[in-house]
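The next block holds one structure in the form of structure tokens; read it before the comments.
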Amino acid sequence: MITGEQFYAYCVSPIGLIELGGTAGALTSLAFVERRRGTVSTPLLEDVAGQLGEYLAGVRRAFDVPIDLRGTEFQRRVWAQLLDIPYGQTASYGQVANAIGRPRAARAVGAANRQNPIAIIVPCHRVIGSDRRLIGYGGGLWRKEWLLKHEGCLT
């Protein structure tokens, strides 16, 4: 359970409205939303918004923000592995499963990706099918395609 008061900030982006959620000390969520639920921001969320803007403008490739990822041990292992996929590169669900020592868990990796609470920064969009097809993305496949093109993974 996330402790501490939750705060929210919003970014208008080429791929829709993005909601940033967090406590005073860490980012806890980054999600695509249809509308704002009210804005009570913090210096941390303003920093995240700035870094996100730089990423979307093509001038930032990595994020430097404290994150608080809450999930099962398996989910946290998957999410930690996603953080190791470099900007401009992709990995298959099977490759992620192998990397965490669970070679037969590609479907479970997909399920963990769907539960990723911090899109973009924890780059689940960089995980694709073993045949290089775009498979699943909570924000919609069109956003996954946009993000991968933005990073130069797709032409």
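Here, each number is a calculation from the coordinates, and none is a lab measurement. All of these numbers come straight from a predicted model, not from anything done at the bench. So basically every Cβ, Gly included, is an ideal-geometry build from the backbone, and we count neighbours across all protein chains shown.
DSSP loop trypsin sites (Lys or Arg not before Pro) in the stretch 81-136 with at most 15 other Cβ atoms within 10 Å of their Cβ, which ones?
Details: sites: R104, R107, R114, R126, R132, R133; in loops: R104, R132, R133.
The qualifying sites are R104, R132, R133.
Over all directions, average the projected area of the Cα convex hull of the stretch 7-56 and note it in nm². Working shown, then result.
Numbers: hull surface 12.2 nm².
Mean projected area for the stretch 7-56: 3.0 nm², to one decimal.
Which of the trypsin sites (Lys or Arg not before Pro) found in the stretch 10-61 are in a DSSP loop and have at most 10 neighbouring Cβ atoms, other than their own, within 10 Å?
When the trypsin sites (Lys or Arg not before Pro) of the stretch 10-61 are filtered for loop state and at most 10 Cβ neighbours within 10 Å, R35, R37 remain.
Could you work out which residue, out of A24, A49, A119, moves most in a Gaussian network model of the chain, that is, has the largest mean-square fluctuation with Cα springs under 10 Å?
Evaluated over the chain, the most mobile residue of the options is A24.
Find which of P103, H125, T39 sits farthest along the positive direction of the dipole of the chain, computed with +1 on the beta-carbon of Lys and Arg, -1 on that of Asp and Glu, about the Cα centre.
Result: P103, furthest along the dipole toward the positive end.
Residues with amide H under 5 Å of L17's amide H, sequence separation 5 or more or different chain, H placed in the peptide plane at 1.01 Å from N; which?
V33
For the chain, set up a Gaussian network in which alpha carbons nearer than 10 Å are linked by springs, and say which option among E73, E46, E54 fluctuates the most.
E73
Please report the orientation-averaged projected area of the stretch 1-143, defined via the convex hull of its C-alpha atoms, in nm².
Working: hull surface 33.5 nm².
Averaged projected area of the stretch 1-143's Cα convex hull equals 8.4 nm².
Using Cα springs under 10 Å in a Gaussian network model of the chain, which residue among G136, G38, G88 shows the largest mean-square fluctuation?
G38
Compute the signed sum of charges (Lys and Arg +1, Asp and Glu -1) over the other residues within less than 15 Å, Cβ to Cβ, of A24.
On the way: positive: none; negative: E5, E46, D47, D68.
So the environment of A24 carries a net charge of -4.
For helix 141-150, what angle does its Cα long axis make with the longest principal axis of the chain, in degrees from 0 to 90 and rounded to 10?
The answer is roughly 90 degrees.
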